[in-house]
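Accompanying notes for the structure given below.
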Amino acid sequence: MAYSDRELLARLIECEAGGEGDIGMRAVATVVMNRVNATEGEYQRVSKGGSIRNIIYQPYQFVCASETENGSYNPQNIYNMNPVEIHYEIADWAIAGNRLTGLETALWFYNPFSSTCRGAFPSTVGKYLTRIGDHCFYVPTEEYAST
């Protein structure tokens, strides 16, 4: 489907953090836009100068951007989302350059489905920063620049 960048981001926000409240949704939007605006490493190359679409659809990054997961249909995907006003407001907020305080450099998040967050994610290129709701957030280490 040919969604606009705004629509894609609103759908991703709803899918990845719809149950996490305002702060949780802003945190996810912050990570997406940090990747879009990365000045080095993998995400700088993927975003090709600021493409939200490229970042969201980068393979194996956001479960919600995939219609299948481990060979099975993934019903929790952006195509099945129905964003409402709050999702669009947060997408607009992030696209306008706003970031959640404390997450200005965060490039990763994940839900560990446990009460603890691991120290590094997705590998040694990201180190634990904080937990917001069910998600753990990570900032790049010096190693990230060479990815």
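Some points to look at:
- Matching residues, region 35-50, being without any contact (Cβ under 8 Å) to a residue 24 or more places away in the chain and of a type outside the set (D, E, K, R): 36, 37, 39, 44, 46, 47, 49, 50
- Number of residues in region 66-92 that are under 21 Å from residue 138 (Cβ atoms) and at pLDDT 95 or above: the value is 1.
- Hey, residue 108 in contact with a Pro (Cβ under 7 Å, 6 or more places away or on another chain) and either under 19 Å from residue 3 (Cβ atoms) or at pLDDT 95 or above (or both) or not: yes
- Selection count where residues are polar (S, T, N, Q) and either in a loop (DSSP other than H, G, I, E, B) or at positive phi (or both), scope region 43-69: 4
- Residue pairs whose Cβ atoms lie under 8 Å apart, separated by 6 or more positions or on different chains, with the first residue in region 118-136 and closer than 15 Å to residue 30 by Cα and the second at pLDDT 95 or above and of a type in the set (S, T, N, Q), are 136/130.
- Any hit, region 46-58, residues being surrounded by 14 or more Cβ atoms within 10 Å (Cβ to Cβ), under 27 Å from residue 147 (Cα atoms) and among the basic types (Lys, Arg): yes
- Region 100-127 - residue that is part of a loop (DSSP other than H, G, I, E, B) and of a type in the set (D, E, K, R) and, of those, surrounded by the most Cβ atoms within 10 Å (Cβ to Cβ): 118
- Here region 7-42 is the region considered, the condition is being at negative phi and more than 14 Å from the chain's Cα centre (by Cα), and the residue that is surrounded by the fewest Cβ atoms within 10 Å (Cβ to Cβ) is 39.
- Residue in region 85-96 that is part of a loop (DSSP other than H, G, I, E, B) and surrounded by 19 or more Cβ atoms within 10 Å (Cβ to Cβ) present: no
The values are calculated or read from the model by the stated rules, or taken from the named source; none is laboratory data. From a predicted model like this one, the values you see are computed outputs, not experimental measurements. Methodologically, a virtual Cβ is constructed for each residue, glycine included, from the backbone with ideal geometry; neighbour enumeration extends over all protein chains shown.
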